[in-house]
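**Q** I'd like to ask some things about the structure below.
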Amino acid sequence: MAMETKNLKVDLLCLGARASGLDKGRKAGAGPAAGGMFLFGGTVVNVPTQSWFVAQSPYTVEAEDGGRYVIKREDERITEVKFPQAKFQELKTKEGIPYYKIALLHGANCLATTTIQTCIYWNTAKRCKFCAIELSLKSGATIAKKTPEQLAEVALAAQKLDHVKHVTLTTGTTSTPDNGIDHLLEIASAIKEATGLLIHAQFEPPKDLRIIDRLSDSVDTVGIHGESFDREVLKYVAPCKAEIPFQHYVDAWKRSVDVFGDSQVSSYVIVGLGESDESIINGSKLLAELGVYPFIVPLRPIPGSLLEKEKPPSPDRMRNIYEQVAVILRDTGVSQKKNKAGCVRCRACSALPDFE
Ligand code: SF4
């Protein structure tokens, strides 16, 4: 029996797939760490392939004759799967830095990088428990701070060789009052000038919200991530974020929607941290009413992070949430289809776009 694409996507996001030998993904990092990008049925999924719970997944990826790959559930063949190719990742800069240490292909056609791979909270009790930002630095998979020149060079190659269409820039939080936004801006300007690509930037809400306006010339969409609407959960999981008053997030979202437009601002919302479904649904409603896209993702226990032993929420819980929030999106007019760049456009880490 054919399995609906969106249902398979949710299963894979939550359960992972055993893909031993096929996986070329990095072992650590922020974002889609410890996963592989799967393309099937017109969608793309960032599938956990290295976390502990993957060993219990009913899904496997296997090679077939003719160089094809298939996803199987138990032994039943479900669908053919492809893996996005990134020729640019094989190149090096003049100084000999491999491009893959500067940026990676995410999803089908997004170039992604962490511009500053360190965070002031990393060696403190305030570190976000789901994050692994400095682990990929320690493992040598990336470099600490990327320059605008390096990223312009890599983006141009990715555009030419791999038809990359948009860019996701994220950063660790710096000790300066701009929270790393000025560095994001320098990088975005250099990439924009070299390639004209659409650009998404993610950051913590700065104290002075006027800093956000500075991005409007070179950045097309922004992500300001509330992560959880349950303050108790947030205090435990992301103490540094819980210190920022919720109203300040709301003000930052509002100001960003004014600058970048409806559906061009997003917030990650993580399911599986101990919050209730109501918390997720009411929080997503609040976001959508502001014009912000609730990028709802199942908890991703990244190997090496403080939550590595946790388990993602069940696929049924995710499907139920996605169905309810899809109705809210329809009512408010917020939509993935309007979004120009970044995680929302890429959609590999959330199945909400597939339920719209
Ligand atoms: S949704 Fe965002 S973090 Fe996930 S693969 Fe796409 S660009 Fe990367």
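**Q** Only one residue in Leu184, Leu135 is of a type outside the set (D, E, K, R) and modelled with pLDDT of 90 or more. Which one?
**A** So the residue among Leu184, Leu135 that is of a type outside the set (D, E, K, R) and modelled with pLDDT of 90 or more is Leu184.
**Q** Is it the case, given these coordinates, that Arg255 is modelled with pLDDT under 95, closer than 25 Å to Leu169 by Cβ and either part of a helix (DSSP H, G or I) or touching a strand residue (DSSP E or B) at 6+ places or on another chain (Cβ under 9 Å) (or both)?
**A** It is false that Arg255 is modelled with pLDDT under 95, closer than 25 Å to Leu169 by Cβ and either part of a helix (DSSP H, G or I) or touching a strand residue (DSSP E or B) at 6+ places or on another chain (Cβ under 9 Å) (or both).
**Q** Taking the conditions exactly as written (within 16 Å of the ligand (Cβ to nearest atom), β-branched (Val, Ile, Thr) and free of Cβ contacts under 8 Å to residues at least 60 places away in the same chain), does Val297 satisfy them or not?
**A** Against the criterion (within 16 Å of the ligand (Cβ to nearest atom), β-branched (Val, Ile, Thr) and free of Cβ contacts under 8 Å to residues at least 60 places away in the same chain), Val297 does not qualify.
**Q** Under the condition of being of a type outside the set (A, V, I, L, M, F, W, C) and assigned to a helix (DSSP H, G or I), which residue from region 167-187 is nearest to the ligand (Cβ to nearest atom)?
**A** His183
**Q** Assuming Ala155 fulfils every condition listed in (1) assigned to a loop (DSSP other than H, G, I, E, B); (2) in contact with a helix residue (DSSP H, G or I) (Cβ under 6 Å, 6 or more places away or on another chain) apart from one, which condition is it?
**A** (1)
**Q** Based on this model, can you work out whether Ser335 counts as crowded, with 18+ Cβ neighbours inside 10 Å, among the small types (Gly, Ala, Ser) and within 19 Å of the chain's Cα centre (by Cα)?
**A** So Ser335 fails the test.
**Q** Taking Val167 as the residue in question, decide whether it is over 17 Å from Gly223 (Cβ atoms) and crowded, with 23+ Cβ neighbours inside 10 Å.
**A** No, not satisfied.
**Q** Which of the residues belonging to region 312-347 are among the aliphatic types (A, V, I, L, M), within 16 Å of the ligand (Cβ to nearest atom) and in a loop (DSSP other than H, G, I, E, B)?
**A** Ala341
**Q** Looking for whichever is within 25 Å of Ile191 (Cα to Cα) and surrounded by 16 or more Cβ atoms within 10 Å (Cβ to Cβ) here; the options are Phe229, Phe203. Which one fits?
**A** Within the list Phe229, Phe203, the selection yields Phe203.
**Q** Which condition breaks for Lys309 when tested against (1) within 16 Å of the ligand (Cβ to nearest atom); (2) part of a loop (DSSP other than H, G, I, E, B); (3) surrounded by fewer than 17 Cβ atoms within 10 Å (Cβ to Cβ)?
**A** Going through (1) within 16 Å of the ligand (Cβ to nearest atom); (2) part of a loop (DSSP other than H, G, I, E, B); (3) surrounded by fewer than 17 Cβ atoms within 10 Å (Cβ to Cβ) one by one, Lys309 breaks only (1).
The rows are residues; the columns are (1) loosely packed, with under 15 Cβ neighbours inside 10 Å; (2) without any contact (Cβ under 8 Å) to a residue 40 or more places away in the chain; (3) within 16 Å of the ligand (Cβ to nearest atom).
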| position | (1), (2), (3) |
| --- | --- |
| Pro84 | no, no, yes |
| Gln89 | no, yes, yes |
| Lys101 | no, no, no |
| Leu105 | no, no, yes |
| Ala108 | no, no, yes |
| Leu111 | no, no, yes |
| Thr115 | no, no, yes |
| Ile120 | no, no, no |
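**Q** For Thr176, work out the one condition from (1) within 30 Å of Ile281 (Cβ to Cβ); (2) over 20 Å from the mean Cα position of the chain (by Cα); (3) β-branched (Val, Ile, Thr) it doesn't fulfil.
**A** (1)
**Q** If you don't mind, there's one more thing I want to ask. Residue under question is Pro301, and the condition is that it be buried (at least 18 other Cβ atoms within 10 Å of the Cβ), over 23 Å from Pro239 (Cβ atoms) and not β-branched (Val, Ile, Thr); does it hold?
**A** Spelling it out, it is not the case that Pro301 is buried (at least 18 other Cβ atoms within 10 Å of the Cβ), over 23 Å from Pro239 (Cβ atoms) and not β-branched (Val, Ile, Thr).
**Q** How many residues does region 188-213 hold that are in a loop (DSSP other than H, G, I, E, B) and within 16 Å of the ligand (Cβ to nearest atom)?
**A** 2
The values are calculated or read from the model by the stated rules, or taken from the named source; none is laboratory data. If you're wondering where the values come from, they're calculated on a predicted model, not measured in any experiment. In this analysis, Cβ positions are derived from the backbone assuming ideal geometry, glycine residues included, and neighbour counts consider all displayed protein chains.
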